[in-house]
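Single-structure report; data block below.
The values are calculated or read from the model by the stated rules, or taken from the named source; none is laboratory data. None of these values were measured; they are calculated from a predicted model. Every residue, glycine among them, receives a Cβ derived from its backbone with ideal geometry; neighbour counts consider all protein chains shown.
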Amino acid sequence: MEIQTSSRTCPELTETQWQSIGPLFHGDHPDATRRGRGRPAHSARAVFEAIHWVLWTASVWAALPERYPDFRTCHRRFKVWFEAGLVQQAMKSLYGDEGLDLCAAMGERMQACRRSPGFKPRFRTSPGLGWSVAQHKADN
């Protein structure tokens, strides 16, 4: 299987940049309330840096370098944060319109995948079964 990557390099996220957007992601991970069960959750910063890399390079999730958390973990949180608008807010804060353009391009890639012939979701999806950040906050 060939993994799609891009030659575009990703700028490193500085401490100052993370401090400006970090509060957006504080406490939004569903496993943050697990209290000792299972594996410890990866930090929001590590996951966002992986998301940042995928957005900048336009690569597939499976091509994430090893320095980031597992691509499945990052993709799962990306979907929640993207649906809630947190990724868009962070990218706009960091890069203005260019950041929003990167998010829009990812949104188009996601839609193209869903519309492709023969696409079948890996898991059953319905409005009643979906999890969202807003629903998680309402439950707690």
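Is it the case, given these coordinates, that H52 is in a helix (DSSP H, G or I) and of a type outside the set (K, R)? So H52 fits the description; yes. Screening I21 with (1) modelled with pLDDT of 95 or more; (2) under 13 Å from the mean Cα position of the chain (by Cα) gives one miss only, at (2).
I need the helices (runs of 4 or more DSSP H) fully contained in the stretch 66-140, keeping only those with at least 1 residues that are at pLDDT 55 or above and more than 21 Å from S20 (Cβ to Cβ). Full working, then the answer.
Values: elements: 71-84, 86-95, 97-115, 133-139.
Correct list: 71-84, 97-115.
Looking only at residues of the stretch 50-84 that are closer than 15 Å to E108 by Cα and small (G, A, S), we find that the one that is surrounded by the fewest Cβ atoms within 10 Å (Cβ to Cβ) is A58.
Looking across the stretch 24-62, just one residue is of a type in the set (D, E) and modelled with pLDDT of 80 or more, and that is E49.
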